[in-house]
Structure formats: C-alpha cells, structure tokens
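These notes are about the structure you will find just below.
The values are calculated or read from the model by the stated rules, or taken from the named source; none is laboratory data. These figures come from a predicted structure and were not determined experimentally. Cβ atoms come from the backbone with ideal geometry, glycine included; neighbour counts cover every protein chain shown. These area figures cover heavy atoms from the full protein model, side chains too; ligands, DNA and RNA do not enter into them. Shrake-Rupley method; radii C 1.70, N 1.55, O 1.52, S 1.80 Å.
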Amino acid sequence: MYEFNYQKAGSVADAAAKVAGADDGTLMAGGMTLIPTLKQRLAMPSDVVDIGQLADLQGISVAGGKVSIGSMTTHDTVANSADVKGAIPALAVLASGIGDPMVRNRGTMGGSVANNDPAADYPGAVLGLGATVVTDKREIAGDAFFTGMFETALDEGEIITRIDFPVPTKAAYTKFPNPASRYAIVGVFVAQTADGVRVAVTGAGGTAFRATEMEAALNANFSPSALDGISVSSDGLNKDIHASAEYRAHLIGVMAKRAVAACG
Amino acid sequence: MASVSMTINGKQVSGEVEGRTLLVEFLREHQRLTGTHVGCDTTQCGACTIHMNGEAVKSCTMLAVQAEGADVSTIEGLANGDELHPMQEAFREHHGLQCGFCTPGMIMSATALAKRNPSPSEDDVRHWLEGNLCRCTGYHNIVKAVMAGARAMNA
C-alpha cells in the first residue's frame, strides 16, 4: 500500500483546515474508490483526511418537497430508507444497485458525486432530479456540477455536506450494468418534475449529461413510444472492452424507454 | 504509527499500525486471524469479508484506523467450540465449497444476509452474493447452502 499520512477529521471545518494545511491532501469518504486508487498509486496524496465518520454529514430528512441526504450517508442507508422509498423510490432503487452489499455498506453518496466516475450511478440522479449540491461554502445546481470526466465544479478542498433532491411527480432509473462491477455501462434517470421532464444519462459519456431531445419528446407525450425515432449520436461517447460507443448510444434509447415505462 | 483499538470476536484488542495498514492486514498479520482471506485485493472478490458493527464490509478496502472502536467479527468468531455455526454447517451439508478459499467471505456475507432476510429466495441470495466470487463451484451449492443456513439461523 502507498504510504500517506492519515488524519481523522473532527468536523467539516477541521477537515477543510487539515486538507489546506497538507502538502497535497485529499478527502476520504467511504474509501471504496480512493483506497483501491491508492493501492495502485493512481493517486499519491501526502495526506488522507477522513470525513467518512462525521456524524453531521449523515442522515436523511424529507421536508418542503425535497429529500436532503447528508453527504456521508451510505448507499445501503439510502437504499433501505423508508423516507427515500416513500418520496423518491427511484433513488432507493438506484442506491440498491451500486456495487455489492459490502460496497454499499461503506460507499457514500457524497464520495460518489465528488469523484464523478463516468460510470457512477448517482450523477444520473443529481442531474435527472435537478438536485442541489450543498458544500461547506455554497450551493451548486446539479446542472452545473459535473464538468467532465472525474471533474466537478468543486474547488480544491471544498466539501459536499448534503444533496437536496426535489421530489418529482414520477421518476425511474434503469441501467445496463457491467455484470462484474455493476457500474453503469449506460444508466438513464427519467423524472417528471414541476419544471418538466428531465432525462439524465450516465455511463455513456465522459460525464453524465441530459438528453434534451428526449426531454422535449417526453414533455409532449410521456410514453415510451414518444422516444421512437430519436437516435443518440455516438460521437464522443465512451468506448472500451465492454461496449462500443455505438452500442452505448443504442442502449441510451433502450434504457430511456424502459425508465419511462417504469415510471408507470 | 498510530494506535488502534477494537473488539474482535468479543475480545478487546489494540495495536500499533501505520495509517496505510489495511484492516485485513491488521487481522491477518497483527492478530494472526488468517481465516479472513485476501483474494483480489481490489474490492471485487469478497474473500476478505468481515462484519464491522454488524454489517458486512470488505476488510481489504478499509484502513485499520477506520475500525477504531468498532465491533469486528471474523470467520473465527462464528463456531461455538467444536460446534459449527448454522451457516458453516449448511455449507458443509450442501457442499457449498470446493477449494474453500472464498468460503470465509461467503459465510460472513451470508450471515449478514440472514440477519436482514430470514428466508431469502434464490434470487435474493444470488443478488446478495454479487460481491463474493467463487471460481470452483459455479455457485449452485453455495446458493443452496445460504438459503438453508439462513433458515437454520432463524429457526
């Protein structure tokens, strides 16, 4: 294992100070991505500042038409939360399909969103529901948060404290998982919201994006058949040993139709 | 070096570790609890599965210092003397192993499932075991063992 200086944060402010005070500090949430990354020396920070255990970053509350989830809340907690299942069942379904049970017991929503792996599930929900990412410094609109592959609008050392998800009229998330890792080869989050239909695609591109042509078609007619004839360009989509860009483009249409159907 | 204390299989232990020391290294090399295996060391195979505060986690993807103050159980803590735990007995009875390398992780994962779901279906078991890889059995007898073991644990 790569050698680093481990520091446990006592609070969000303490974590920010510890990262700022380190030569090259990094934050650790559940560690489900960071620890394997450190083993492979794909990240070589001087200091790892652990915020995973901070109590004020845990928990779920529903009020004022939104579900607020503390950034260090685990996927397992979200998947099994009666509040989440009641308000946004699609979000519980999404969380229940991340990785495997052991990963869900440690991995966190904030860690996933901050890392912005192109194949992660949560970016689909943040974009698809038009969520707000709340940090120790400001609020960032979901639409402005994901800026590129593993890139976000977060400043160096900025800490996500919670994410607020507006409760939609209907929503569903459907993914075509890699059968080994359960990462999304393509995942599509569809939501009917107060501001119209939102369709967010994860896994297919360098970062999650909205399928605006599909949104327009579904605003006119919210049914799977409304997506007939809409093809997504494979330009710029991911290609790897699991799926070509053309295959991913095709899957976007298939997953979107299934998600619309699952909205009922 | 940092000092770390935790309860392992009901016994209070402490030791000096580096920040980078993995929990599985602390269990195997410091505590000599070698029943917990390292298969892939990349969070995929689940051979290192243990329970921390009652929930299954992969001990190769946690630092020992992250388990500070935790209640840890490993495969060594399951049997009662010579009497196998019901899940171990179910694996024996249903031939849920061949080489046995994945078995400690399988059993720790299975007992976590049984605590949540006293009577899991075949689908429930197969979905739950997505994080535990076996390269011998083809899973068929493991699934049978987990279903039987869960019922025996909750009988």
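Which of the residues spanning segment A:168-196 are of a type in the set (Phe, Trp, Tyr) and part of a strand (DSSP E or B)?
Selection gives A:173, A:176, A:189.
Return the residue satisfying two criteria in turn: it lies in segment B:6-27 and is within 14 Å of another protein chain (Cβ to nearest Cβ) and more than 14 Å from residue B:52 (Cβ to Cβ), and of such residues it is most open to solvent (accessible area, probe 1.4 Å).
B:16
Please tell me if residue A:213 is crowded, with 16+ Cβ neighbours inside 10 Å, over 15 Å from the mean Cα position of the chain (by Cα), more than 22 Å from residue A:78 (Cα to Cα) and charged (D, E, K, R).
no
With open to solvent by 10 Å² or more (accessible area, probe 1.4 Å) and not assigned by TED's automatic domain parsing to the domain that holds residue B:136 as the only criterion, which of B:46, B:69 stands out?
Checking each option against the conditions leaves just B:69.
Go through (1) surrounded by fewer than 22 Cβ atoms within 10 Å (Cβ to Cβ); (2) within 13 Å of another protein chain (Cβ to nearest Cβ); (3) closer than 30 Å to residue B:126 by Cα and name the single condition residue A:75 misses.
Every condition holds for residue A:75 apart from (1).
Consider residue A:176 carefully, then state whether it is open to solvent by 30 Å² or more (accessible area, probe 1.4 Å) and modelled with pLDDT of 95 or more.
Spelling it out, residue A:176 is indeed open to solvent by 30 Å² or more (accessible area, probe 1.4 Å) and modelled with pLDDT of 95 or more.
Please state which of the following conditions residue B:55 fails to meet, knowing it meets all the rest: (1) at the interface with chain A (Cβ under 9 Å from one of its Cβ atoms); (2) at pLDDT 95 or above; (3) more than 13 Å from the chain's Cα centre (by Cα).
Tallying (1) at the interface with chain A (Cβ under 9 Å from one of its Cβ atoms); (2) at pLDDT 95 or above; (3) more than 13 Å from the chain's Cα centre (by Cα), residue B:55 fails exactly one: (3).
Which residues, taken from segment A:43-72, are under 19 Å from residue B:67 (Cβ atoms) and within 12 Å of chain B (Cβ to nearest Cβ)?
Scanning segment A:43-72 gives A:48, A:49, A:50, A:51, A:52, A:53.
This table checks each residue for (1) in contact (Cβ under 8 Å) with a residue 60 or more places away in the chain; (2) among the hydrophobic types (A, V, I, L, M, F, W, C); (3) away from chain B (no Cβ under 14 Å); (4) farther than 26 Å from residue A:260 by Cβ.
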| site | (1), (2), (3), (4) |
| --- | --- |
| A:83 | no, no, yes, no |
| A:106 | yes, no, no, yes |
| A:132 | no, no, yes, no |
| A:137 | no, no, yes, yes |
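Scan A:150, A:146 and give me the residue that is within 25 Å of residue A:197 (Cα to Cα) and under 12 Å from the mean Cα position of the chain (by Cα).
A:146
Quick check on residue B:93: is it open to solvent by less than 70 Å² (accessible area, probe 1.4 Å) and more than 9 Å from the chain's Cα centre (by Cα)?
Answer is no for this residue.
Is it true that residue B:74 is modelled with pLDDT of 95 or more, farther than 16 Å from residue B:129 by Cβ and open to solvent by less than 10 Å² (accessible area, probe 1.4 Å)? Break it down stepwise before answering.
Details: modelled with pLDDT of 95 or more: yes; farther than 16 Å from residue B:129 by Cβ: yes; open to solvent by less than 10 Å² (accessible area, probe 1.4 Å): yes.
Against the criterion (modelled with pLDDT of 95 or more, farther than 16 Å from residue B:129 by Cβ and open to solvent by less than 10 Å² (accessible area, probe 1.4 Å)), residue B:74 qualifies.
Kindly check whether there is at least one residue in segment B:80-88 that is among the small types (Gly, Ala, Ser), open to solvent by 20 Å² or more (accessible area, probe 1.4 Å) and over 23 Å from residue B:134 (Cβ atoms).
Yes, because at least one residue in segment B:80-88 is among the small types (Gly, Ala, Ser), open to solvent by 20 Å² or more (accessible area, probe 1.4 Å) and over 23 Å from residue B:134 (Cβ atoms).
Within segment B:28-52, work out how many residues are acidic (Asp, Glu) and either facing chain A (nearest Cβ under 10 Å) or on the phi > 0 side of the Ramachandran plot (or both).
Result for segment B:28-52: 1.
Quick check: is even one residue across segment A:157-170 modelled with pLDDT of 95 or more, touching a Pro at 6+ places or on another chain (Cβ under 9 Å) and crowded, with 19+ Cβ neighbours inside 10 Å?
No: zero hits.
What number of residues in segment A:134-159 are closer than 21 Å to residue A:189 by Cα and among the acidic types (Asp, Glu)?
Result for segment A:134-159: 2.
Yes/no per residue for (1) more than 13 Å from chain B (Cβ to nearest Cβ); (2) of a type in the set (A, V, I, L, M):
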residue	(1), (2)
A:5	no, no
A:20	yes, yes
A:23	yes, no
A:31	no, no
A:35	no, yes
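Evaluate the following for residue A:92: is it open to solvent by less than 40 Å² (accessible area, probe 1.4 Å) and either touching a residue at least 40 places away in the same chain (Cβ under 8 Å) or within 13 Å of chain B (Cβ to nearest Cβ) (or both)?
Judged against the criteria, residue A:92 is not a match.
Which of the residues that make up segment B:96-142 are away from every other protein chain (no Cβ under 12 Å), touching a Ser or Thr at 6+ places or on another chain (Cβ under 8 Å) and outside any helix (DSSP H, G or I)?
B:96, B:97, B:98
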